[in-house]
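> First the structure, which I've put down as structure tokens, then a few questions once you've had a look.
The values are calculated or read from the model by the stated rules, or taken from the named source; none is laboratory data. Bear in mind that the values here come from a model prediction, so they are computed numbers and not experimental data. Note that each Cβ is placed from the backbone with ideal geometry, even for glycine, and that neighbours are counted across all protein chains shown. The protein model used for the area step is the full one, side chains on, heavy atoms only, and it has no ligands, DNA or RNA in it. Shrake-Rupley method; radii C 1.70, N 1.55, O 1.52, S 1.80 Å.
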Amino acid sequence: MGNTEVRHHRTKLLPEMEGPVARAYARGRGTAPQLAFYRRQAAELTEGLPEGAAVLEVAPGPGYFTVEVARLGFAVTALDVSRTFVGLAQEYARSEGVAAEFRQGDVAAMPFADRSFDFLICQAAFKNFARPVVALDEMHRVLRPGGVAVVQDMSKESTHAQIDAEVGNMALGKVAAFTTRQALAGLRRRAYTPAQFTATVAESAFRTCTVTTEGISLQVRLVRAA
């Protein structure tokens, strides 16, 4: 299989998160430090967006970040392939008194009309997409001209020391910290280097992107041409 085929279709994917696995993940991500981080991050990433802008989060998981974006006054929709996550996210939004729409579906065939959103965010999920170029093309399709997509994920170039530092900032117990380090080390094998992500984007409708790294994180900014 050539490099182009690999970028269009990735094998050995992780199983989708459903049931008890998804609920356990949600508990781990719902700690006070994590929720405070999502709150700060939502404000930073949406800075400069006009009031009422249409925002899409792809693969929101339990919806914590989505809810923080919705609190800021944006019209927020989220799409996740996991039915368990969609249910958990809907419950969380209701409990917080926040209006956000959560839908179940595949990023490679999103159930939205062309040019529906001003801003799109995808966190910690892109490395697991089976058809990454198709996913990027779908992101491009649903964005309005001039719209921005931000993909945040783990960098394949992360070091052991950077992983240790990241876990240390999570304020986890000893056992949870150990399992999280092991999980991140495993996920790193699936992640992209900046060069790999840039090459994948080049095959998509976006064509170009800006990639930055910090710690274990890789951030990609993509713009649909006006």
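> Would you mention how many residues in the range 60-94 are out of contact with any Gly (no Cβ under 6 Å at 6 or more places or on another chain), closer than 18 Å to Thr31 by Cβ and either modelled with pLDDT of 95 or more or part of a helix (DSSP H, G or I) (or both)?
Going through the range 60-94 one residue at a time, the tally reaches 7.
> Can you name the residue in the range 1-59 that is of a type in the set (Ser, Thr, Tyr) and modelled with pLDDT of 75 or more and, of all such residues, is nearest to Arg181 (Cα to Cα)?
Thr31
> Any residue in the range 138-148 that is farther than 17 Å from Arg29 by Cα, open to solvent by 70 Å² or more (accessible area, probe 1.4 Å) and either touching a Leu at 6+ places or on another chain (Cβ under 7 Å) or part of a strand (DSSP E or B) (or both)? Don't jump to the end; show me each part of the working.
Filtering the range 138-148 for residues farther than 17 Å from Arg29 by Cα gives 138-148.
With the extra rule that they be open to solvent by 70 Å² or more (accessible area, probe 1.4 Å), the set shrinks to 144.
Now drop any that are not either touching a Leu at 6+ places or on another chain (Cβ under 7 Å) or part of a strand (DSSP E or B) (or both), which leaves 144.
Among the residues of the range 138-148, at least one is farther than 17 Å from Arg29 by Cα, open to solvent by 70 Å² or more (accessible area, probe 1.4 Å) and either touching a Leu at 6+ places or on another chain (Cβ under 7 Å) or part of a strand (DSSP E or B) (or both), which makes the answer yes.
> Cβ-Cβ under 7 Å, sequence separation 6+ or interchain: first residue in the range 180-192 and over 17 Å from Gln152 (Cβ atoms), partner not in a helix (DSSP H, G or I). Which pairs?
Thr180/Met170; Thr180/Leu172
> Ok, one more. Please work out which one of (1) under 27 Å from Ala26 (Cα atoms); (2) in a strand (DSSP E or B); (3) open to solvent by 70 Å² or more (accessible area, probe 1.4 Å) is the condition Gln152 fails and give its number.
Failed condition: (3).
> If a residue has to be hydrophobic (A, V, I, L, M, F, W, C) and modelled with pLDDT under 90 to count, how many in the range 170-226 make the cut?
The initial filter retains those residues of the range 170-226 that are hydrophobic (A, V, I, L, M, F, W, C), namely 170-172, 175-178, 183-185, 187, 191, 195, 197, 199, 201-202, 205-206, 209, 211, 216, 218, 220, 222-223, 225-226.
Still in the running and modelled with pLDDT under 90: 170-172, 175-178, 183-185, 187, 216, 226.
Selection size over the range 170-226: 13.
> Within the range 116-137, work out how many residues are more than 16 Å from Val201 (Cα to Cα), surrounded by fewer than 20 Cβ atoms within 10 Å (Cβ to Cβ) and in contact with a helix residue (DSSP H, G or I) (Cβ under 7 Å, 6 or more places away or on another chain).
Residues flagged as more than 16 Å from Val201 (Cα to Cα), surrounded by fewer than 20 Cβ atoms within 10 Å (Cβ to Cβ) and in contact with a helix residue (DSSP H, G or I) (Cβ under 7 Å, 6 or more places away or on another chain) within the range 116-137 amount to 1.
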